[in-house]
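Here's the structure, in C-alpha cells; my notes come after.
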Amino acid sequence: MITRFEKILISALVGIVILNISFQIYIRLPGEDSEEEEILTVLYDDDKWEYTLSELKNIDEYSGIGSIKTQFSIKGPYNFTGLRINEMLHALDINTDSIGAWIISDDGYNKTFTNDELQGNISVFNESGNSSNMLVDLLLVYSHDGVLLDSNDGPLRLAYVGQSNCITPASYWIKQVKKIIFFKET
C-alpha cells in the first residue's frame, strides 16, 4: 500500500514533469518578437544582402504563368508569385546591362545565368511545341497557386513566367535557391 508521503512525492514529481513539458512547449512557440529566418543571400562585388521572405515580398510581388519543358514532357501550366530578378537588380542599384548571375541551391547545385537569360531572352515555346516570341520574366518564386513553396521546391525557386502560359526548358528552373551571386559579364 502507498503511504501518504509516497502519494505526495509522486504527485510532486508528476507536477514537475508537467511543468517541464509545458515550459519546453512554450519556449518553442513563435512569439511576437521572434525573428523571421533569412532565406536568401545575394552578393555583388563586395556587397552582401540577406533577405527574409517578407523583405523579398516588399521589393516586388509579381504573378505569372509558366510550364516546364523536360526531355520527355511538358509540366504545367503553373501560376507562380515571386520577385522578378530585374526588380531585385533595380532595388540593389545594379546596372542590368552586362550582369550575369551564379545561382546556388540549398543542396549545392548551381547554374550560371547570362545577362540574356536574366533578361528573359531564352527559348520559349507555345502549347503546340513551336517556338514563340512571347516575353518572359525570370521570377524568384515563393508561392505556387497562392501557397508558399514546400521544402521540396523552396522556400525559393526560379521559373520563367509570362502573362499567358509560356513553356521554357527545365534546365532554368532551379529549386531551393539559397544564394545569388551577381557578376559583371566580360
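The values are calculated or read from the model by the stated rules, or taken from the named source; none is laboratory data. Quick caveat, the model's predicted, so the values are computed rather than measured. Please note: Cβ atoms are built from the backbone with ideal geometry, for glycine as well, and neighbour counts cover all protein chains shown.
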Scanning the range 78-103 residue by residue, those surrounded by 18 or more Cβ atoms within 10 Å (Cβ to Cβ) and within 16 Å of TRP173 (Cβ to Cβ) turn out to be PHE80, THR81, GLY82, LEU83, ARG84, ILE85, ALA101, ILE103
Being at pLDDT 95 or above and either under 17 Å from the mean Cα position of the chain (by Cα) or surrounded by fewer than 19 Cβ atoms within 10 Å (Cβ to Cβ) (or both) narrows LEU135, LEU140 down to just LEU140
Residue count, the range 143-163, condition surrounded by 14 or more Cβ atoms within 10 Å (Cβ to Cβ) and either over 11 Å from the mean Cα position of the chain (by Cα) or not assigned by TED's automatic domain parsing to the domain that holds ASP60 (or both), comes to 3
Note on ASP33: of the conditions (1) at pLDDT 95 or above; (2) outside any strand (DSSP E or B); (3) not polar (S, T, N, Q), unmet is (1)
Selection over the range 105-146 where residues are part of a strand (DSSP E or B), touching a Leu at 6+ places or on another chain (Cβ under 8 Å) and within 16 Å of ILE180 (Cβ to Cβ) yields a count of 6
Taking the range 57-104 and keeping residues charged (D, E, K, R) and either outside the structural domain of ASN130 (by TED's automatic domain parsing) or under 18 Å from LEU40 (Cβ atoms) (or both) leaves LYS57, ASP60, GLU61, ARG84, GLU87, ASP93
All conditions in (1) surrounded by 14 or more Cβ atoms within 10 Å (Cβ to Cβ); (2) free of Cβ contacts under 8 Å to residues at least 60 places away in the same chain are true of SER128 except (1)
Per the filter on the range 38-87, residues assigned to a strand (DSSP E or B) and of a type in the set (Lys, Arg) are LYS48, LYS69, LYS75, ARG84
Selection from the range 1-30 of residues modelled with pLDDT under 80, loosely packed, with under 10 Cβ neighbours inside 10 Å and of a type in the set (D, E, K, R) yields ARG28
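Quick test for you: out of ASN86, ASN95, ASN79, pick the one residue that is polar (S, T, N, Q) and touching a residue at least 60 places away in the same chain (Cβ under 8 Å).
Values: ASN86 fails: touching a residue at least 60 places away in the same chain (Cβ under 8 Å); ASN95 fails: touching a residue at least 60 places away in the same chain (Cβ under 8 Å).
Only one candidate passes the filter, namely ASN79.
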